[in-house]
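Take a look at the structure set out below.
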Amino acid sequence: MRYLKLNSNETPLGPSPKALEAMRAALANCHLYPDNEAKLLRAKLAELHQVDPDHVLVCPGLTDLLGIIARVFLKPGSNAVTSQRSFVVYPAATKAAGAELIEVPMRDDAFDLNAIAAAMNQQTRLVFLANPNNPTGTLFGARATDDFLRTVPDSVTVILDEAYSDYAHYFAVQRGVEYSHSLEYVREGRNLLVLRTFSKAHGLAGARVAYALGPKELLHRLAEVQSIFAVSLPAQAGALAALDDLDHIERALENNAEGANLLSQELLQLGFRVPQTWGNFLYCDLHQDAAAFAQRMKAEGVLIRPLGSWGAPTAIRVTVGTPGQNQTFLHAFRTILSRD
Ligand SMILES: *Cc1c(COP(=O)(O)O)cnc(C)c1O
């Protein structure tokens with residue numbers, strides 16, 4: 001059976017044709033090692049974000065980089081602070097570094113920045129903030145982040161995970177909200193890292209390429225721990241070309257905003273409350289065993305994510321698809337509810 005895969009926040013539009021072409025062309029040079037410094041890609045990202053290329057570090061996905069960040073900053077006896085129901089990699093990376101993760105309760109399914117500020121102690125070295133958050137889709141605005149950063153001592157490095165920044169920025173413009181001052185923080189040389197990836201809106205999750213923006217010295221410490229030649233030649237070429245395909249990204253963002261609005265409305269009409277999403281997925285509390293529900297969805301051919309491992313055993317996360325895929329999801333969803 002071929003499943004409709006709505007469980008990993010991948011884009012339904014696939015990679016940009018330009019990225020595909022660039023990756024195919026790069027295959028012919030795969031007898032050569034990639035550029036360890038990813039100079040072309042860093043230069044392009046630096047220009048795009050108006051920062052110095054020294055403030056950009058390219059990596060083979062944020063999952064890998066988060067592991068490195070945890071190893072560099074944490075050790076047994078120290079801790080990192082984040083929210084409950086956030087990105088699964090934060091606990092895994094913190095645990096692998098032998099440190100403690102303090103997970104602060106949410107407020108209205110969103111990061112509670114005041115509670116996170118209050119939870120930091122003498123042993124805290126990192127704070128992980130996912131904005132928007134995966135899996136709840138919620139956002140904290142630019143002003144709230146400014147205020148939060150004023151409470152952070154010099155001994156703590158803030159990890160501002162903006163994996164869904166393209167989607168969030170698109171929604172923020174539509175909704176008249178200021179999303180993030182993250183690039184300004186980078187230009188000011190603040191003690192924080194901004195994380196971005198090509199896995200989401202750019203459709204390159206399988207190629208493994210992402211980047212961090214931050215102070216040069218800090219990126220240097222991470223680069224020292226990174227494997228040499230970590231980002232493959234096709235991945236670098238694909239990312240470079242993906243940045244040029246603005247039409248493809250725009251289509252992905254438009255499709256997502258329309259699909260997210262439709263799915264939220266339909267779920268609301270079925271009696272479920274869905275927090276407003278700023279990413280390419282929805283969080284929905286089903287008020288029933290979500291793992292069993294996901295199993296029944298699978299039998300209908302649709303994969304969704306039950307959130308028991310996130311401490312939300314009655315909630316699911318579903319990725320926004322194409323209009324046709326969204327209808328397939330809704331049809332399966334209604335079919336299962338009608339059998340209850
Ligand atoms: C998907 C995602 C990432 C990106 O992971 P990659 O390893 O770059 O594919 C990072 N943070 C969050 C919150 C995510 O949801």
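Quick notes on this one:
- Theoretical ellipticity at 222 nm over the chain - DSSP helices of four or more residues, -39500 (n - 2.57) apiece, nearest 500: -13500 deg cm²/dmol
- Highest mean packing first, where packing is the average number of other Cβ atoms within 10 Å per residue, the peptides 135-146, 31-42 line up as 135-146, 31-42.
- q = 0.10 Å⁻¹: log10 I(q)/I(0) that the Debye formula gives for the chain, counting C-alpha atoms only: -0.60
- Label-to-label distance for ALA92 and GLN123 is 2.5 nm, based on points extended 7 Å past Cα in the beta-carbon direction.
- Packing-based exposure ordering (other Cβ within 10 Å, fewest first) of MET297, MET1, MET106, MET23: MET1, MET106, MET23, MET297
- Gyration tensor over alpha-carbon atoms, the range 15-152, equivalent ellipsoid semi-axes in Å: 33, 19, 15
- Whichever lysines have a C-alpha closer than 17 Å to that of LYS75, once near sequence neighbours (fewer than 8 apart) are set aside: LYS95
- Legend: calculated FRET efficiency, SER338 to LEU246, from the Cβ-Cβ distance at R0 = 41 Å, rounded to 0.05, equals 0.45.
- The string of couplings for the range 207-213 from the Karplus curve (6.51, -1.76, 1.60, θ = phi - 60°) is 7, 6, 8, 7, 7, 10, 10 Hz, one whole number per residue in order, with x for Gly and Pro.
- Which of ASP245, ASP52 has the fewest Cβ neighbours within 10 Å, and the rest in rising order: ASP52, ASP245
- Shown here for the range 232-302: GluC sites (Glu not before Pro) in loop regions (DSSP other than H, G, I, E, B) with at most 11 other Cβ atoms within 10 Å, of which there are none.
- Relative contact order for the chain, counting Cα pairs under 8 Å that sit 6 or more residues apart, in percent: 25 percent
- The range 279-340 shape via C-alpha gyration tensor axes, a/c threshold 1.5: oblate
- Take every pair of alpha-carbon atoms less than 8 Å apart whose residues are at least six positions apart; their mean separation over the length of the range 117-238 yields a relative contact order of 21 percent.
- Stokes-Einstein D in µm²/s, Kirkwood radius over Cα pairs - the range 219-260 at 25 °C with 0.890 mPa s viscosity: 191 µm²/s
- Straight Cα distances below 22 angstrom link LYS200 to the lysines LYS5, LYS18, LYS44, with same-chain residues fewer than 8 positions distant left out.
- Listing CYS30, CYS284 from fewest to most neighbouring C-beta atoms within 10 Å gives CYS30, CYS284.
- Scoring 107-114, 55-62 by mean Cβ neighbours within 10 Å over their residues and listing the highest first yields 55-62, 107-114.
- Kirkwood-type hydrodynamic radius, the range 242-290: 12.2 Å, calculated from all non-identical alpha-carbon pairs.
- Hypothetical label at LEU40: residues of the range 220-236 whose amide nitrogen lies under 15 Å (7 Å Cα-Cβ projection): 231-236
- Alpha carbon Rg of the range 23-79, scaled by the compact-globule rule 2.2 N^0.38 Å: 1.51
- Note on the range 224-339: Cα-only Rg and Dmax are 17.7, 56 Å.
A short reminder: the numbers here are calculations on the coordinates, not readings from a lab. Keep in mind the model is a prediction, meaning the values are calculated, not measured. Every residue, glycine as well, gets a Cβ built from its backbone with ideal geometry; the counts of neighbours run over all protein chains shown.
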